[in-house]
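Asker: For reference, the structure I am asking about is given below.
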Amino acid sequence: MIKIAPSVLSADILNMERDVNKMLEGGADWIHVDIMDGHFVPNLSYGPSLVEALHKRYPEVPLDVHLMMDNPQYYIDRFARSGASVLTIHAELHADISDTLRRIRARGMMSSIALRPGTPAESIRGYLPLLDMVLVMTVEPGFGGQPFNAGMATKVAEIRKMGYTGLIEVDGGVSVKNLPYLRELGVDVAVMGNSLFTSEDPLGDMEKIHQM
Ligand code: DX5
Ligand code: ZN
């Protein structure tokens, strides 16, 4: 069954609890939290305090934390203490990626790497044994509500061809319309922002997705 990870970037920040409750009532499996530093991506969002608050309120819900920031290696402990379950760093970083992934696992979190649309699948081949998840970006990271880039979907198949058997997540413009195709290619986790938070029937959408 495909896991659904609603992205709180599309939630009403002053009604975060109301919006997250709605997603969880609809059967959301994880909650996706986008951390942006205004440097790695041209947008700012929030920091580990939101992860901590969500973890206190929903201790049973896995928090899928997507770090769109430079130097994530300095924040691994902070996100671990805040209650992150999955920590995603970007493949394009000028940092010791292998060491960072090892440290994420050593702190008891799932390790994950994200690929911007321009980053080839091949670039992560060497990291595959260190990964619990690969995040294929289907938009340029930084903003919710962008159109889905179908060309990126082939990366999912390429990563599977490399023999990778861990989780694959897609993020960016994902909706109940493009998910059947993504599912066929081998996607396990769907991050969904605008398409769920602006849907007239998010519960119905999630039910359909879980039946795919
Ligand atoms: C974009 C973020 C996404 C975003 C997805 O940079 O990584 O998680 O919230 O939002 P939608 O689904 O609206 O494209
Ligand atoms: Zn994201």
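Only the coordinates and a few stated rules stand behind these numbers; no lab work does. The structure presented is a predicted model; accordingly, all values stated were derived computationally and were not measured. Methodologically, a virtual Cβ is constructed for each residue, glycine included, from the backbone with ideal geometry; neighbour enumeration extends over all protein chains shown.
Asker: Once you have the Cα-Cα distance between Ala150 and Asn21, take 0.36 nm times their residue separation minus that, and quote the gain in nm to one decimal.
Answerer: Net length gain for the segment: 43.4 nm.
Asker: Next up: What ³J(HN,Hα) values, in whole Hz, does the Karplus curve 6.51 cos²θ - 1.76 cosθ + 1.60 give for region 111-117 when θ = phi - 60°, with x put for Gly and Pro?
Answerer: Values, residue by residue: 9, 8, 10, 10, 10, 5, x Hz.
Asker: Please work out the C-alpha center-to-center distance from region 1-75 to region 115-191 and express it in whole Å.
Answerer: What the calculation gives is 18 Å, centre to centre.
Asker: Could you give the length gained on full extension between Arg78 and Ala106, defined as 0.36 nm per residue of separation minus the Cα-Cα distance, in nm?
Answerer: Result for the pair: 8.7 nm of gain on full extension.
Asker: Counting other C-beta atoms within 10 Å, which of Thr165, Thr198, Thr138, Thr119 has the fewest, and how do the rest follow?
Answerer: Ordered by Cβ neighbours within 10 Å, fewest first: Thr165, Thr198, Thr119, Thr138.
Asker: When Lys and Arg each count +1 and Asp and Glu each count -1, what net charge do the other residues less than 14 Å away from Asn71, Cβ to Cβ, add up to?
Answerer: -4
Asker: Determine which lysines satisfy two conditions relative to Lys56: a Cα distance under 23 Å, and not lying fewer than 8 residues away in the same chain.
Answerer: Lys3, Lys22
Asker: Give me Rg/Rg_expected for region 1-149, where Rg uses Cα atoms only and Rg_expected = 2.2 N^0.38 Å with N residues.
Answerer: Rg over 2.2 N^0.38 Å, computed on Cα atoms: 1.00.
Asker: Let me ask something additional. Find the eigenvalues of the gyration tensor of the Cα atoms of region 105-200, then list the square roots of 5 times those eigenvalues as equivalent ellipsoid semi-axes, largest first, in whole angstrom.
Answerer: 22, 15, 13
Asker: Here is a further query. I need Ile13, Ile35 ordered by Cβ neighbour count within 10 Å, fewest first.
Answerer: Starting with the residue having the fewest Cβ neighbours, the order is Ile13, Ile35.
Asker: Report the residue, chosen from Ala91, Ala150, Ala106, that carries the largest GNM mean-square fluctuation when the chain is represented by alpha-carbon nodes joined by springs under 10 Å.
Answerer: Taking springs between Cα atoms under 10 Å, the residue moving most is Ala106.
Asker: At R0 = 30 Å, how high is the FRET efficiency between Ser98 and His39 if r is their beta carbon distance? Nearest 0.05 is fine.
Answerer: E(calc), rounded to 0.05, equals 0.85.
Asker: May I ask for the net charge around Gly142, where only other residues with Cβ less than 12 Å from the Cβ of Gly142 are counted and Lys, Arg are +1 while Asp, Glu are -1?
Answerer: Local net charge: -3.
Asker: Then there's this: If a/c stays under 1.5 just call it rounded; otherwise compare a/b with b/c (prolate if a/b is bigger, oblate if not). Do that for region 10-61, with a ≥ b ≥ c from the square roots of the Cα gyration tensor eigenvalues.
Answerer: Note, shape of region 10-61 comes out prolate.
Asker: Based on the alpha-carbon gyration tensor of region 1-40 and its eigenvalue square roots a ≥ b ≥ c, which shape applies: rounded if a/c is under 1.5, prolate if not and a/b is larger than b/c, or oblate?
Answerer: Oblate shape, in that a/c is at least 1.5 and b/c is the bigger or equal ratio.
Asker: Under 12 Å from the 7 Å Cα→Cβ point of Met1, by amide nitrogen: which residues of region 179-195?
Answerer: none
Asker: Can you list which of the DSSP-assigned H helices in the chain have a Cα extent of 20 Å or more along the long axis and an average Kyte-Doolittle score of at least 1.0?
Answerer: Length and hydropathy pass: none found.
Asker: If you don't mind, there's one more thing I want to ask. Estimate the FRET efficiency between Asp12 and Met212 by the formula 1/(1 + (r/R0)^6), using the beta-carbon distance for r and 25 Å for R0, to the nearest 0.05.
Answerer: That gives a FRET efficiency of 0.35.
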